[in-house]
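Q: After the structure tokens below, expect a handful of questions from me.
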Amino acid sequence: MRLSRTADLWWKNAVVYCLDVETYQDALGEGCGDFRGLTQRVDHLDRLGVTCIWLMPFYPSPDRDDGYDITDFYGVDPRLGTLGDFVEFLRTARDRGMRVIADLVVNHTSDQHPWFKSARASRESPYRDWYVWADEPPEDGPKGVVFPDEEKSVWTYDEEAGQYYQHRFYKHQPDLNIANPAVRDEIARIMGFWMELGLSGFRVDAVPFMLETDGQADAEKLPDPHDYLADLRAFMDRRDGQAILLGEVNLPYSDTMAFFGDEAPELTMCFDFIGMQRLYLALARGDVRPLAGALAERPAPPKDGHWATFVRNHDELTLDKLSDDERQEVFDAFGPKEEMQLYGRGLRRRLPPMLEGDARRIKMVYSLLFSLPGTPVLFYGEEIGMGEDLSEKGRNAVRTPMQWRPGPGGGFSSADPERFPARLVPGEYGPDHVNVAAQRGDPDSLLSWISLLVERYRETPELAWGELTPLDSGADTVLAQLHAADDGAVLTLHNFADEEIEVTLRLDRAHARAGLIDLLSDGPAGADAEVSPEGEATLRLAPYGCRWMRVE
Ligand code: GLC
């Protein structure tokens, strides 16, 4: 209905799906996922209702950080296929009406990148100044390594260069010098290149680190990094006004806002890391207040911008913005064993095992994801409830191959599993129990549930576009919200407790006598209700139940 009107700002009610080509589908039988395999699976994504595919890095790479260590920004890793395969995939996705974005990882390169090899070899190299060097690590330089288990400092001395170089991430990922105009131009060229091939924008990796210039000589004389991000956005908009920048900015809300841009637009969307962390705290407590609090605190994005919401991603489930006690509560509830935790700040787990496979709870969480304001971003495998493999190292626990059907290769590949980039999840969350084929025909499966949520979310623009009013449910275990837009309103209810409950909500008088139509179920739990002449509605919720209701 009204979707046609929203299509100009397509990202506002998109369904984004993140995947790694390497672990999605192997078509060539070599044990590694590839673009040809992904192309065969585009119809799975189409059926699910995905409108935008986010590709994790697929560029040539020594693969020491799952491809986030790039040696050529203009190519496709030969393990994944050719540039021709990439374009065929893109064309297939676009044929199904899906847009494709990809990781733009320009905070750093691999230390094997020809630029860095040249830079470290000589002070005269034209690439020397593409990286950040110092004779001694500066006092006022950036503080804090991102991977504290592996790195002790953001500076590493390079024998060949005779200087220290800066790296926020692993030492094999030297930081690019964003203050250098040549680097800035090159980043625009990289974006222009992939956009010309058909990408609709980028997920921008590590944005605050990328813009960092602290501690560099004459830092105060350097151009404002935010101006640069705005320039980059303007460049992108000139090339394609429909393209987006979806940024990884894990900062408190007030600091994140700067990345949407102040005077000129910068990022189109920022991930809501705070809301995500508070969601887990709320789940752990069986009390909606931490989440409700985050939503109340969350600043409104600029008019054409949006928050991007998510339950899990390819990294650890970071809980770094919770207090120590709060984090401990989440650890106790969802990852009590040390092997489940990472860097002291997060969990290397997927949602279903954290919730002990409780289908009611898992379904409730995804109902939240699709009903909270913001653009939902799924990580591959979430649609079927994949689990993690704790025997994999670090963050790789959640980066196992996609599970398409039962059997030894899980439908991912016909090759000897020894050759897979990671082994398939073993045990009760493995492909024999959790896979696309079995869930497709099962109306009670998570896949069917998420497909339904996607469909309703797309049909209900109030969720993405409407104004959110929190309603007092009278219970700390129930989140009740009204999503209203000019011509419609939708009520959503989520029960965080393992108990049936009846709540009475007070709606605006304007809604008196309105009918309430369940959008997610037409079974007995979804008996239609009505708003009383006084504007009240009394509604039942099953244990861990959720309801979306159109206010007629
Ligand atoms: C981002 C990515 C992470 C990667 C890091 C370095 O945080 O999400 O996976 O390791 O950047 O590129």
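The values are calculated or read from the model by the stated rules, or taken from the named source; none is laboratory data. If you're wondering where the values come from, they're calculated on a predicted model, not measured in any experiment. In this analysis, Cβ positions are derived from the backbone assuming ideal geometry, glycine residues included, and neighbour counts consider all displayed protein chains.
Q: Report whether or not Glu150 is at pLDDT below 95, within 14 Å of the ligand (Cβ to nearest atom) and surrounded by fewer than 16 Cβ atoms within 10 Å (Cβ to Cβ). First the steps, then the outcome.
A: Working: at pLDDT below 95: yes; within 14 Å of the ligand (Cβ to nearest atom): yes; surrounded by fewer than 16 Cβ atoms within 10 Å (Cβ to Cβ): yes.
For Glu150, the condition - at pLDDT below 95, within 14 Å of the ligand (Cβ to nearest atom) and surrounded by fewer than 16 Cβ atoms within 10 Å (Cβ to Cβ) - is met.
Q: Only one of Glu220, Glu248, Glu266 is among the acidic types (Asp, Glu) and in contact with a Gly (Cβ under 9 Å, 6 or more places away or on another chain); which?
A: After applying the criteria, what remains is Glu266.
Q: Give the stretch 373-424 a look and list any residue that's within 30 Å of Pro302 (Cβ to Cβ), of a type in the set (Val, Ile, Thr) and away from the ligand (no atom under 16 Å from the Cβ), or say none.
A: Scanning the stretch 373-424 gives a single hit, Thr375.
Q: Scan the stretch 280-329 residue by residue and report those that are within 30 Å of Leu55 (Cβ to Cβ) and of a type in the set (Val, Ile, Thr).
A: Thr309, Val311, Thr318
Q: Is it the case that Gly144 is within 16 Å of the ligand (Cβ to nearest atom) and among the small types (Gly, Ala, Ser)?
A: yes
Q: Looking only at the stretch 273-297, count every residue that is of a type in the set (D, E, K, R) and in contact with a Ser or Thr (Cβ under 7 Å, 6 or more places away or on another chain) and tell me the total. Steps first, please.
A: Of all residues in the stretch 273-297, those of a type in the set (D, E, K, R) come to 278, 285, 287, 289, 297.
Next, from what is left, pick out any that are in contact with a Ser or Thr (Cβ under 7 Å, 6 or more places away or on another chain): 287.
Of the residues in the stretch 273-297, 1 are of a type in the set (D, E, K, R) and in contact with a Ser or Thr (Cβ under 7 Å, 6 or more places away or on another chain).
Q: Please list, ordered by residue number, the helices (runs of 4 or more DSSP H) wholly in the stretch 395-498 having 2 or more residues that are of a type in the set (Asp, Glu).
A: Ranges flagged: 446-459.
Q: For residues that are at pLDDT below 95 and either of a type in the set (Asp, Glu) or not in a helix (DSSP H, G or I) (or both), scanning just the stretch 1-33, find the one that is farthest from Val454 (Cα to Cα).
A: Taking the candidates together, the pick is Asp8.
Q: Let me ask another. Considering only the stretch 203-239, how many residues are within 16 Å of the ligand (Cβ to nearest atom) and part of a helix (DSSP H, G or I)?
A: Total satisfying the criteria: 4.
Q: Right, next: Regarding Ala308, is this residue free of Cβ contacts under 8 Å to residues at least 40 places away in the same chain and closer than 29 Å to Ala243 by Cα? Talk me through it step by step, then tell me what you get.
A: Details: free of Cβ contacts under 8 Å to residues at least 40 places away in the same chain: no; closer than 29 Å to Ala243 by Cα: yes.
Answer is no for this residue.
Q: Any idea which of Tyr59, Tyr68 is within 23 Å of the chain's Cα centre (by Cα) and closer than 23 Å to Asp158 by Cα?
A: Tyr68
Q: Is there a residue in the stretch 353-362 that is at pLDDT below 95 and not charged (D, E, K, R)?
A: Checked the stretch 353-362: no residue is at pLDDT below 95 and not charged (D, E, K, R).
Q: Taking the condition of being surrounded by fewer than 20 Cβ atoms within 10 Å (Cβ to Cβ), assigned to a loop (DSSP other than H, G, I, E, B) and within 16 Å of the ligand (Cβ to nearest atom), how many residues in the stretch 316-357 meet it?
A: Selection size over the stretch 316-357: 4.
Q: In addition: Is there a residue being within 16 Å of the ligand (Cβ to nearest atom) and touching a His at 6+ places or on another chain (Cβ under 7 Å) anywhere in the stretch 129-140?
A: Checked against the condition, which is being within 16 Å of the ligand (Cβ to nearest atom) and touching a His at 6+ places or on another chain (Cβ under 7 Å), the stretch 129-140 yields no hits at all.
Q: Still on this model: Run down Gly293, Gly286 and say which single residue is free of Cβ contacts under 8 Å to residues at least 60 places away in the same chain and over 21 Å from the mean Cα position of the chain (by Cα). Before the answer, list the steps.
A: Values: Gly286 fails: free of Cβ contacts under 8 Å to residues at least 60 places away in the same chain.
Matching residue, one of Gly293, Gly286: Gly293.
Q: Moving to a separate point now. Which one is farthest from the ligand (Cβ to nearest atom) among residues in the stretch 65-108 that are β-branched (Val, Ile, Thr) and part of a loop (DSSP other than H, G, I, E, B)?
A: The extreme case among them is Thr82.
Q: Among the residues in the stretch 358-379, are any out of contact with any strand residue (DSSP E or B) (no Cβ under 7 Å at 6 or more places or on another chain), part of a loop (DSSP other than H, G, I, E, B) and crowded, with 20+ Cβ neighbours inside 10 Å?
A: No.
Q: To continue, here is another question. So is Asp262 assigned to a helix (DSSP H, G or I) and either polar (S, T, N, Q) or surrounded by fewer than 19 Cβ atoms within 10 Å (Cβ to Cβ) (or both) or not?
A: no
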